[in-house]
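Chemist: The structure is given below, and queries will be raised subsequently.
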Amino acid sequence: MDETKVAATMPVELIQEIGSNLDTPGQLLRFASICKRNLAAIGPKQIFQIDAVYQRELDHRLRSNRNLQLDPWSERRGNLVRYPKPSILWAIETNKDVETIKKCIDIYLHEEFPRGLEGIWYTSYPPPMCRAAERGRLDVVQALFQSGVSFRNWYNIKYSWLPWSLLPAFFGQHRPPHISLGSFLSAESGDAFKLACKNGHEDITRFMIRNGLEFRIDDVFFAAKEGCLPTLQILLESLEPDPRQLAAEAVLRVIREYHCARNIEVYKPLLAAAAPIQPPLYPNEPPSFDRVEWLGSLIIELINNLYAYRREEEKDWQDERKVPRYKFKLTQDYDETMYLFNLFVQLDEFNSPGSATKVARAAAQVDTALEIIQALVEQYPLSIGKLKRVRQTVLDELLLISVSCGSKDIVQYLHSFGCSFSSYHLEEAIMVDKSKMVDLILSSGIPVTSTIKGAEYETPLHFALNRWKYASAFRLIDRGANLDDVPEQLKDLLLLRFHHHEREKLKSWRVGGVVMDRKIFLKRDESPGYTNLYCEQLHVMYSLILGKSYAEEATKRFGKLINTDMNSRTGRLVGLADPDKWTLLASPAGAKIDHGVGYGWVINNAVLTSSEFRGPAYDFRPPIH
């Protein structure tokens, strides 16, 4: 017979009697769900009452005898025993109205199982206060609080949270006892305040603070970590000046070490709270917490990230999947960097001479940080040096860093601000192979015949050809560099380079009909990669230096090209018809293995190591000019 039809004909009294004799809330819920008439007859109060009795007896039996066999109504899934969920948690999770939940609270509190409201049950379910805070049920949190339930869980055990490197600073004799005792981190899963912070329910955190939440330093840490700015401000304002300073200092140290802040806006109130209350006793005594050093190191780290993303973007410029990701990270880190820099210049300690020298050195690495360089040089010159002589020394250092890192915009800005170039700057510009920068340096008056001291080839053009920086070589040739005095061993290296790397590329672009004229180097092409103009200029350069028949000469001397790999065991170049015979053909003086510099070839004393020959990917194509 259909259970629904039978239940529909039962008297209400009989339905209630049957419900009162069921053992578990699960059985009662299943019985009540047979039809609407059963659910109306039983009601939530009876369900909550049976559940409270069941949870109390289950807790008592499991605590008194841990080896007790499974209850017949418990579920077993493999080796895992799962006891029925308390009905108060079920009501919170299913968004029952607060009046229904209050009935459950009254039954647990006054009739059956008050320990359950504190979460003191043997099964691994969270306390009702924690579940309500996690789900954002402010009305339930208020109802539980009015019933005497605490915000902290009963098993909320404290354990050490500061890293060992910071312990001496926080447990020394100069620290107040309440700070030492409070410098512990409580378990997140058993703390309703931390769960509310983690899930962004700031209405609940404010309610807890206003109603006497016991303060701990880790409350400030969790509020800062999860980005709860209003909650963080309320916590800091509720502290006395001395505990507030020490708490902010502790949180800033930990956030900096573990990079765990989700919202950088929390740094502003923390830095304001960490301001020194009293000046040091001695003039040269360092502060207990250096806000300039802390924030400056964070800005430098973000600028280094910008530099790394820019280099990766230049390497993977052809990968359509990676470039958008790099651009997104560049934009995100740039916004964070500028926000922190604006905080940096607002600090009182920023006005001291030389406070931003390290930040300026880092910013000179990447054009994205040009705005920081401009602000420090024009608006805050004292931050990079008190005396004009000192500031000029710093500016010259920034110019060298920006040239070495290929920051064209910053180089141009510093040059317009009065910094001058030298042959050493030309050498660094050739090394990064930035044609615009080479043009700028040559236009400033540095001659193409200047001497690069300490290099194997002291002429800038020879230096560029030896390093295979062809974009820079084109600019030097355009400026009148002499092509007739290229040494023979350098020609050998160029011929080998063409044979192993450029032969197929030039053949694919069909550059054989190009007119051999230096005027082709007047043209500029800012597109990255082996473009048509780049290959034409490369072909003309090879022809003017090596002769028009350089391709046939390379085939004659090095044989048929098989592949361009490097033998990982010996470091020899694979792709020659006979590597040993090639060493004899490389130059009249022959060639030999030089084990003193690692695996590689020596052609007439010109060492060609495997790393120089192959190099990173961006060394074998024109960079972004």
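Chemist: Among the residues of region 329-336, is there at least one that is surrounded by fewer than 20 Cβ atoms within 10 Å (Cβ to Cβ), at pLDDT 90 or above, of a type in the set (A, V, I, L, M, F, W, C) and within 22 Å of residue 408 (Cα to Cα)? Show your work before the answer.
Modeler: Taking region 329-336 as the starting set, the residues that turn out to be surrounded by fewer than 20 Cβ atoms within 10 Å (Cβ to Cβ) are 329-336.
Remaining after also requiring at pLDDT 90 or above: none.
No, region 329-336 has no match at all.
Chemist: If a residue has to be surrounded by fewer than 19 Cβ atoms within 10 Å (Cβ to Cβ) and either touching a Leu at 6+ places or on another chain (Cβ under 6 Å) or not in a loop (DSSP other than H, G, I, E, B) (or both) to count, how many in region 376-390 make the cut?
Modeler: Qualifying residue count for the region: 7.
Chemist: Still on this structure: Does any residue in region 390-410 that is on the phi > 0 side of the Ramachandran plot come within less than 8 Å, Cβ to Cβ, of a residue that is among the β-branched types (Val, Ile, Thr) six or more places away or on a different chain, and which pairs are these?
Modeler: Within 8 Å, the pairs are 406/432.
Chemist: Assuming residue 516 fulfils every condition listed in (1) over 19 Å from residue 461 (Cβ atoms); (2) at pLDDT below 75 apart from one, which condition is it?
Modeler: (1)
Chemist: Any chance region 215-233 includes a residue that's under 23 Å from residue 140 (Cβ atoms) and of a type in the set (Phe, Trp, Tyr)?
Modeler: The first filter runs over region 215-233 and keeps only residues under 23 Å from residue 140 (Cβ atoms), leaving 219, 222-223, 226, 228, 230-231.
Cutting the leftovers down to of a type in the set (Phe, Trp, Tyr) gives us 222.
Checking region 215-233: at least one residue is under 23 Å from residue 140 (Cβ atoms) and of a type in the set (Phe, Trp, Tyr).
Chemist: For residue 380, which of the numbered conditions (1) aromatic (Phe, Trp, Tyr); (2) modelled with pLDDT under 90; (3) more than 21 Å from the chain's Cα centre (by Cα) fails to hold?
Modeler: In the conditions (1) aromatic (Phe, Trp, Tyr); (2) modelled with pLDDT under 90; (3) more than 21 Å from the chain's Cα centre (by Cα), residue 380 misses (2) alone.
Chemist: Ok, one more. Taking the conditions exactly as written (buried (at least 21 other Cβ atoms within 10 Å of the Cβ), at pLDDT below 95 and within 22 Å of residue 431 (Cα to Cα)), does residue 412 satisfy them or not? Write out each step before concluding.
Modeler: Values: buried (at least 21 other Cβ atoms within 10 Å of the Cβ): no; at pLDDT below 95: yes; within 22 Å of residue 431 (Cα to Cα): yes.
No: the conditions fail for residue 412.
Chemist: For the structure I just gave you, tell me whether residue 503 is farther than 30 Å from residue 559 by Cβ and either of a type in the set (Lys, Arg) or within 39 Å of the chain's Cα centre (by Cα) (or both).
Modeler: On the way: farther than 30 Å from residue 559 by Cβ: no; either of a type in the set (Lys, Arg) or within 39 Å of the chain's Cα centre (by Cα) (or both): yes.
No, not satisfied.
Chemist: Next up: Residues 215, 222: which one is without any contact (Cβ under 8 Å) to a residue 60 or more places away in the chain and part of a loop (DSSP other than H, G, I, E, B)?
Modeler: 215
The values are calculated or read from the model by the stated rules, or taken from the named source; none is laboratory data. The structure presented is a predicted model; accordingly, all values stated were derived computationally and were not measured. Reconstructed Cβ throughout: ideal geometry from the backbone, glycine too, with neighbour counts over all protein chains shown.
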